[in-house]
1. Kindly state which helices (runs of 4 or more DSSP H) lie completely within segment 84-176 and contain at least 1 residues that are among the aliphatic types (A, V, I, L, M) and in contact with an Asp or Glu (Cβ under 8 Å, 6 or more places away or on another chain).
2. Does any residue in segment 31-48 that is within 16 Å of Ser90 (Cβ to Cβ) and touching a residue at least 40 places away in the same chain (Cβ under 8 Å) come within less than 9 Å, Cβ to Cβ, of a residue that is small (Gly, Ala, Ser) and open to solvent by 50 Å² or more (accessible area, probe 1.4 Å) six or more places away or on a different chain, and which pairs are these?
3. I need every pair where a residue in segment 149-171 that is under 14 Å from Thr88 (Cα atoms) and in contact (Cβ under 8 Å) with a residue 40 or more places away in the chain has its Cβ under 6 Å from the Cβ of a residue that is open to solvent by less than 70 Å² (accessible area, probe 1.4 Å) and not in a helix (DSSP H, G or I), sequence separation at least 6 or different chains.
4. In this structure, is Ala60 closer than 23 Å to Gln134 by Cα, of a type in the set (Gly, Ala, Ser) and crowded, with 17+ Cβ neighbours inside 10 Å?
5. What about Val70, is it within 30 Å of Phe167 (Cβ to Cβ), open to solvent by less than 50 Å² (accessible area, probe 1.4 Å) and in a helix (DSSP H, G or I)?
6. Name every residue in segment 103-115 that is open to solvent by 40 Å² or more (accessible area, probe 1.4 Å) and of a type in the set (D, E, K, R), in order of residue number.
7. Report, ordered by the first and then the second residue, all pairs with beta carbons closer than 8 Å, sequence separation of six or more or different chains, a first member in segment 121-133 that is in contact (Cβ under 8 Å) with a residue 60 or more places away in the chain, and a second member that is exposed (fewer than 14 other Cβ atoms within 10 Å of the Cβ) and assigned to a helix (DSSP H, G or I).
8. What are the pairs with Cβ atoms under 8 angstrom where one residue, in segment 82-102, is open to solvent by 10 Å² or more (accessible area, probe 1.4 Å) and the other, located anywhere, is at pLDDT 85 or above and among the polar types (S, T, N, Q)? Sequence gap at least six, or different chains.
Amino acid sequence: LVAQAIDCLSQRFPAGLKARVVYDSTLFVSHTIYEVLLTLGEALILVVLVVYLFLGNLRATLIPAVAVPVSLIGTFAVLLALGYSANTISLLAMVVAVGIVVDDAIVVVENVERVLEEEPDITPRQAAIKAMNQIIGPIIAIEMVLLSVFVPIAFIPGISGELFRQFAVTITGAML
């Protein structure tokens, strides 16, 4: 973008004056963001494979596979609402958040599967309602413990605190 602006502006320069980009940090940042997005994609694929291997049920695998993208889309909405952008820090936080979101989804899926095995005559919807009634307390407790770890990070002062703040906000947004 800067190179394009310099090319456009150089048409107005006096004869003999030339401008050039000495250092372009956008190449590093673009490559880093690409690598983080690649890692995020790999994490999603690994989640689907591991959940399918351990639960052996396509329906049970589908829930974490849908929960993660929904959570990440919601995280982008939180970042936008708070004035943050998608950058290396926020994308790295999303990679960490994938594991947290999947962990919660697996806890729910495993309990629903257990209820379906114990009571084969009920519908999956009824099993989900029953399972959630059983584990809503532990799920909220898991979230509160994780939030108690990440939320205080958002209050670190100074320049480094600004980076940590975006990391904490991203993970918190994904978890919520």
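1. It comes to 124-150, 158-175.
2. Ile33/Ala86
3. These pairs meet every condition: Gln166/Tyr84.
4. Considered against the rule, which asks whether it is closer than 23 Å to Gln134 by Cα, of a type in the set (Gly, Ala, Ser) and crowded, with 17+ Cβ neighbours inside 10 Å, Ala60 comes out as yes.
5. No: the conditions fail for Val70.
6. Asp103, Glu110, Arg114
7. Cβ pairs passing all conditions: Pro124/Arg59.
8. Tyr84/Ser90; Tyr84/Gln166; Tyr84/Thr170; Asn87/Gln166; Ile89/Gln166; Ile89/Thr170; Val101/Ser71
The values are calculated or read from the model by the stated rules, or taken from the named source; none is laboratory data. These numbers were taken from a predicted model, which means no experiment stands behind them. FYI the Cβ positions are ideal-geometry reconstructions off the backbone, even for glycines, and counts take in every protein chain you see. Heavy atoms of the whole protein, side chains included, go into the accessibility calculation; ligands, DNA and RNA do not. Shrake-Rupley method; radii C 1.70, N 1.55, O 1.52, S 1.80 Å.
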